[in-house]
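Participant: Once you've had a glance at the structure underneath, I'll fire off some questions.
The values are calculated or read from the model by the stated rules, or taken from the named source; none is laboratory data. If you're wondering where the values come from, they're calculated on a predicted model, not measured in any experiment. Don't worry about glycine lacking a Cβ; one is built from the backbone with ideal geometry, like all the others, and counts go over all protein chains shown. Each accessible area value is taken on the protein alone, full model and side chains, heavy atoms only, with ligands, DNA and RNA left out. Shrake-Rupley method; radii C 1.70, N 1.55, O 1.52, S 1.80 Å.
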Amino acid sequence: MTTVRIVLDTNVFVSGVLKQKGPPGMIMDLCVRWDISLHVDDRIWHEYRAVLCRPKFRLPKEEIDRLLNALFDLSTHVVASPLSLDLPDQNDAAFVEVALAAHVDSLVTGNLRHFPKRIVGKLVLVQTPREFLDALALGRSASYR
């Protein structure tokens, strides 16, 4: 069986770190167990760190460092070419660029409106965490479209 490859939007990554229960936590667990392959680049990795370090999350720096170091080794690191995309937030372009460069099965986000189907849907499958897990349970992914 081929490993399912994904890109996680920061909101899913952070939710999965903060709450082990629920779809984002389940996805993070699958990444740790190597059941799915998380693809990132430096921009995404730095955004994960910056958001986790926000004071509102009250996470000790040592805990963040330990977690990210472990996940860094489990992730697939990609070099992605910049694209000209008309996204609501241009900072989200990195997620699409990595998804395309890595030929991922899904870009998983809690904010579908940040990745409009008319723009991104032509390039990569974008799913909510629940949609991704449901498709995974049914043995469906972008590879099967």
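Participant: Which value, in debye to the nearest 20, describes the size of the charge dipole of the stretch 7-114 about its Cα centre when Lys and Arg Cβ atoms bear +1, Asp and Glu Cβ atoms bear -1, and nothing else is charged?
Facilitator: Values: 11 positive and 15 negative charges, 112 e Å.
Charge dipole, the stretch 7-114, about its Cα centre: 540 debye, nearest 20.
Participant: State, as an integer percentage, the relative contact order of the chain based on alpha-carbon contacts under 8 Å between residues 6 or more apart.
Facilitator: Numbers: 213 pairs, mean separation 40.1, N = 145.
About 28 percent, as a whole number.
Participant: Follow-up question, since we're still on this one. Which of the lysines could be linked to K56 by a straight reach, that is with a Cα gap under 28 Å, when you skip same-chain ones fewer than 8 residues away?
Facilitator: Within reach: K19, K21.
Participant: Evaluate 2.2 N^0.38 Å with N set to the residue count of the stretch 51-125, then give the Cα radius of gyration divided by it.
Facilitator: Numbers: Rg = 14.8 Å, N = 75, 2.2 N^0.38 = 11.3 Å.
Normalised Rg, Cα atoms only: 1.30.
Participant: Follow-up. Of E62, E47, E97, which has the most accessible area and how do the rest follow, probe 1.4 Å?
Facilitator: Values: E62 125, E47 60, E97 10 Å².
Final ranking, largest accessible area leading: E62, E47, E97.
Participant: Follow-up. Give me the distance between the Cα centres of the stretch 60-120 and the stretch 1-51, rounded to whole Å.
Facilitator: One Cα centre to the other: 10 Å.
Participant: Any idea what Rg and Dmax come out to for the stretch 92-136 if you just take the C-alpha atoms, in Å?
Facilitator: Spelled out, the Cα radius of gyration and Dmax of the stretch 92-136 are 9.7, 26 Å.
Participant: Mind checking the per residue accessible area of the chain for me, 1.4 Å probe, whole number of Å²?
Facilitator: Details: 8150 Å² over 145 residues.
Per residue, the chain has an accessible area of 56 Å².
Participant: For the chain, just the Cα set please: Rg and Dmax, both in angstrom.
Facilitator: 14.4, 42
Participant: Summing -39500 (n - 2.57) over the DSSP H runs of n ≥ 4 in the chain and dividing by its residue number, what mean residue ellipticity at 222 nm do you reach, to the nearest 500 deg cm²/dmol?
Facilitator: Roughly -13000 deg cm²/dmol at 222 nm, from the helical runs in the chain.
Participant: Using a Gaussian network model on the chain with a 10 Å cutoff between Cα atoms, which of L83, L74, L100 fluctuates the most?
Facilitator: L83
Participant: Accessible area of the chain with a 1.4 Å probe: how many percent of it is carbon plus sulfur?
Facilitator: Working: 4430 of 8150 Å².
Result for the chain: 54 percent of the exposed heavy-atom area is carbon or sulfur.
Participant: Using only the alpha carbons, work out the radius of gyration and Dmax of the stretch 1-61 in angstrom.
Facilitator: 12.0, 41
Participant: Quick one: if you stick a label point 7 Å off each Cα along the C-beta vector at W34 and E62, how many nm between them?
Facilitator: With each label point 7 Å from Cα toward Cβ, the separation is 2.9 nm.
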